[in-house]
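S.K.: Okay, handing you the structure first.
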Amino acid sequence: MHDISLSQARLPATLEIEVLDEFGEARPQAIAAERALTVYLNRREIVTLMTLGADPEALVVGYLRNQGLLVAREDLEAVHVDWEVEAAAVVTRHLPEDLEERLGQRTVTTGCGQGTVFGRLLEATSLHVLPATRLRQSVLYQLLENLGAYNETYRSAGAVHGCALCRQETVLDFVEDVGRHNAVDTLAGRQWLGEAASADADIFYTTGRLTSEMVLKVAQMGIGVLVSRSGVTQKGVELAERFGVLLIARAKGRHFQAINTGERLDLDAIPPRRPGDRR
């Protein structure tokens, strides 16, 4: 086997931010890193991947191999990742003869963690100032209870994500799909097509992670509060601060972690402490 020139550009998979919990206390919380990495194959831009950055060289090679863009290991000469420019340069001796056809027929799957258009979408996005929607803790709790009546597919079959457009504690529209981005895209389409009574939505709920793409899509819809039962990523936090989105992560029962709150979160229903609650 010939030697392949590989960079060693691994980065830590987590970092620490400060969140505000349901008791109104600020505390540190580890979150997943999320970094954009644009892949170039023989100087041809292929895709932008969203990744932890824990093993970028292997990720890039595996992606190109699984897409059929790298056929033989012997063809691979170099993989160099540079986080300063968020790029991975891959050099190979041979390209598939049908490369243009392959790139023209790419299918964005329902899988998580890959954003084929993230970089250009972020550059092209020109957002209006989002409304500084206020949220009461009691309203959040009531919304979470109300949402329990909507996840019919998940309860019967599992394996799906759900998203909802809400007006405070009222659920205006709810969609389930096999991928969280499919669900949010469906709601965005309905909102534009006028098929749902969602024009007055001021809160977006998702069962999926609060990643950069999720924050960006919700901001494009003009909604300033994003709630999830799951966690948040580094890039999601960065974009929330940039666009003025209030994030409520890990929202289950009476627990939550609020990020980028400003003066918008009203802690009017602080629950009593129980044995085992964090202090």
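The values are calculated or read from the model by the stated rules, or taken from the named source; none is laboratory data. A quick note: this is a predicted structure, and the numbers were derived from the prediction, not measured. No Cβ is skipped: glycine too gets one built from the backbone with ideal geometry, and neighbour counts run over all protein chains shown. SASA here: full protein model, heavy atoms, side chains in, ligands and nucleic acids out. Shrake-Rupley method; radii C 1.70, N 1.55, O 1.52, S 1.80 Å.
S.K.: Return the residues of region 163-189 that are touching a helix residue (DSSP H, G or I) at 6+ places or on another chain (Cβ under 8 Å), closer than 9 Å to Ala201 by Cβ and open to solvent by 10 Å² or more (accessible area, probe 1.4 Å); say none if nothing qualifies.
M.R.: Asp173
S.K.: Of all residues being in contact with a Phe, Trp or Tyr (Cβ under 7 Å, 6 or more places away or on another chain) and aliphatic (A, V, I, L, M) in region 48-80, which is nearest to Leu239 (Cα to Cα)? Just the residue, please.
M.R.: Only one residue tops the list, namely Met50.
S.K.: In region 209-221, what residues are more than 8 Å from the chain's Cα centre (by Cα) and open to solvent by 30 Å² or more (accessible area, probe 1.4 Å)?
M.R.: Lys217, Gln220 - these are the residues of region 209-221 that are more than 8 Å from the chain's Cα centre (by Cα) and open to solvent by 30 Å² or more (accessible area, probe 1.4 Å).
S.K.: When residues of region 190-206 are filtered for being under 17 Å from the mean Cα position of the chain (by Cα) and either of a type in the set (A, V, I, L, M, F, W, C) or modelled with pLDDT under 90 (or both), how many remain?
M.R.: Summing the residues that are under 17 Å from the mean Cα position of the chain (by Cα) and either of a type in the set (A, V, I, L, M, F, W, C) or modelled with pLDDT under 90 (or both) in region 190-206 gives 2.
S.K.: Right, something else. Any idea which residue in region 18-53 is least open to solvent (accessible area, probe 1.4 Å), counting only those that are under 17 Å from the mean Cα position of the chain (by Cα) and farther than 30 Å from Glu77 by Cα?
M.R.: Residue satisfying both the conditions and the ranking: Ile31.
S.K.: If you don't mind, there's one more thing I want to ask. Quick one: what pairs do we get from region 64-90, first residue in contact (Cβ under 8 Å) with a residue 24 or more places away in the chain and within 12 Å of Tyr40 (Cα to Cα), second surrounded by fewer than 18 Cβ atoms within 10 Å (Cβ to Cβ) and among the β-branched types (Val, Ile, Thr), C-beta under 9 Å, 6+ apart or different chains?
M.R.: What qualifies is Ala78/Ile4; Ala78/Val91; Val79/Ile4; Val79/Val91; His80/Val91; Glu86/Thr38; Ala87/Thr38; Ala88/Thr38.
S.K.: Check region 168-190 and report whether any residue there is under 23 Å from Arg35 (Cα atoms), of a type in the set (Ser, Thr, Tyr) and part of a strand (DSSP E or B).
M.R.: Within region 168-190 (the criterion being under 23 Å from Arg35 (Cα atoms), of a type in the set (Ser, Thr, Tyr) and part of a strand (DSSP E or B)), the answer is no, since none of the residues qualifies.
S.K.: Hey, another quick one. If you take the residues in region 233-246 that are of a type outside the set (Lys, Arg) and in contact with a Ser or Thr (Cβ under 8 Å, 6 or more places away or on another chain), which one is surrounded by the fewest Cβ atoms within 10 Å (Cβ to Cβ)? Reasoning before the result, please.
M.R.: In the first step, residues of region 233-246 are kept if they are of a type outside the set (Lys, Arg); the result is 233-234, 236-241, 243-246.
Pick out the ones that are also in contact with a Ser or Thr (Cβ under 8 Å, 6 or more places away or on another chain) and you get 233, 236, 238-239, 246.
Numbers: Thr233: 26, Gly236: 27, Glu238: 14, Leu239: 25, Leu246: 22.
Only one residue fits best here, namely Glu238.
S.K.: How many of the residues in region 161-189 are of a type in the set (Ser, Thr, Tyr) and at pLDDT 85 or above?
M.R.: Total meeting the criteria: 1.
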